[in-house]
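The values are calculated or read from the model by the stated rules, or taken from the named source; none is laboratory data. Everything numeric in this text was worked out from a predicted model, so none of it was measured. Using ideal geometry, Cβ is built from the backbone for each residue, glycine included, and neighbour counts are taken over all protein chains shown. Accessible surface areas use protein heavy atoms only, side chains included; no ligands, DNA or RNA. Shrake-Rupley method; radii C 1.70, N 1.55, O 1.52, S 1.80 Å.
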Amino acid sequence: SKVTVVGAGNVGATTAQRIHQLGYADVVLVDVVEDLPQGKSLDMLESGPVTGTDALITGSNGYEESAGSDVVVITAGIARRPGMSRDDLLLTNMRITSAVTEEVVKHSPDCIILAVTNPLDAMVQNIFQSSGFPRNRVFGMAGVLDTARYRTFIARELNVSVDDVQAMVLGGHGDDMVPLVRYTTVGCIPLTELLSQDRIDSIVQRTRDGGGEIVALLKQGSAFYAPSAAITQMVQAILLDRKRILPGCAYLEGEYGIDGLCVGVPVKIGGGGMEQVIEISLTDEEHAALRSSAASVQELVDVMAS
Ligand code: NAI
């Protein structure tokens, strides 16, 4: 298989490294900065004899080498700095992702696009609409990352393995994301049996602020180790046709009462990309939270259209 990662910055390069190291997909790393993707990919290729992978990885400033990719991950764009919200990136990253999508569609007309650039949901909407692809072939990564943060905080609080924490964070990738406490279990035991409401509330809040917490600590740039791990899990689910049930940002066509908007919901990821939107029953309160998160995404989509 062939995977192209657009954007050779923190998220893109780390993702390329993780996918290359899996060993079963060749990787093309694309960036506008001259020599940067070439240098990083050569460095990664030279790790092969030590990590034991024969997969190829090449860097390019154009898209010819990426032609015929099975999966294209789009991380190109600016990242936030302290004091910025993801929404502050909207118009700059809209222009960048539109230009990138045009090239991707031209060179890899049958690919599956996994969008990562922030503000995530609005960028998925922009990439989906610019691509003209069916919705199963354009979706975004955010929920796997938000869920990984949530699971980490729960596992640390209870001193249990992260493997035993099952959870799902829905909604947009913003301050009003929707961690589904009612569907969170630890070794099959509902979280609400194990932690007080107060402790759960503070974990939910820390999850919502999870990206900002890292931005504040790093002082330059934003998170990329956990994001690249989350992206790689989704790419793997596609390449290996795993049919995994994960939160993903998908274009909804009436599911959850939302029509014509990209928002994070449970989806099935396999060889066909976003093969299915999975509808689960929500309480009125959960549904209201999802709608309110979707309304924030709609505001950004309206700004892009104006
Ligand atoms: P970065 O600044 O390290 O890298 C971005 C790269 O994009 C740079 O190397 C830049 O030269 C490149 N680029 C800019 N315009 C381009 C174009 N037209 N074509 C190709 N490459 C281009 O930023 P980082 O940390 O890698 O983050 C990338 C994006 O991912 C940001 O928008 C960030 O907010 C987002 N992000 C999203 C997450 C999610 O959960 N969806 C998680 C983490 C980051």
Of all residues in the range 6-33 being among the hydroxyl-bearing types (Ser, Thr, Tyr) and within 13 Å of the ligand (Cβ to nearest atom), which is surrounded by the most Cβ atoms within 10 Å (Cβ to Cβ)? 15
Taking the residues in the range 90-115 that are of a type in the set (D, E, K, R) and near the ligand (Cβ under 10 Å from one of its atoms) as candidates, determine which candidate is most open to solvent (accessible area, probe 1.4 Å). 95
In the range 52-81, how many residues are assigned to a strand (DSSP E or B), without any contact (Cβ under 8 Å) to a residue 40 or more places away in the chain and within 22 Å of the chain's Cα centre (by Cα)? 0
Confirm whether residue 233 is in a helix (DSSP H, G or I), open to solvent by 50 Å² or more (accessible area, probe 1.4 Å), within 16 Å of the ligand (Cβ to nearest atom) and in contact (Cβ under 8 Å) with a residue 60 or more places away in the chain. yes
If I filter the range 133-141 for residues that are over 20 Å from residue 273 (Cβ atoms), assigned to a loop (DSSP other than H, G, I, E, B) and open to solvent by less than 20 Å² (accessible area, probe 1.4 Å), do I get at least one hit? no
Consider only pairs whose beta carbons are under 7 Å apart and that are at least six residues apart or on different chains; among these, list those whose first residue lies in the range 134-163 and is more than 16 Å from the ligand (Cβ to nearest atom) and among the hydrophobic types (A, V, I, L, M, F, W, C) and whose second residue is open to solvent by 10 Å² or more (accessible area, probe 1.4 Å) and assigned to a loop (DSSP other than H, G, I, E, B). 155/161
Among the residues of the range 51-88, which ones are within 12 Å of the ligand (Cβ to nearest atom) and among the aliphatic types (A, V, I, L, M)? 72, 73, 74, 76, 78, 79, 84
Quick test for you: out of 128, 153, pick the one residue that is modelled with pLDDT of 95 or more, surrounded by 23 or more Cβ atoms within 10 Å (Cβ to Cβ), part of a helix (DSSP H, G or I) and of a type in the set (Phe, Trp, Tyr). 128
Could you tell me whether any residue of the range 196-215 is farther than 30 Å from residue 74 by Cβ and surrounded by 18 or more Cβ atoms within 10 Å (Cβ to Cβ)? yes
When the residues of the range 50-89 are filtered to those that are among the polar types (S, T, N, Q) and farther than 21 Å from residue 131 by Cβ, which remaining residue is least open to solvent (accessible area, probe 1.4 Å)? 53
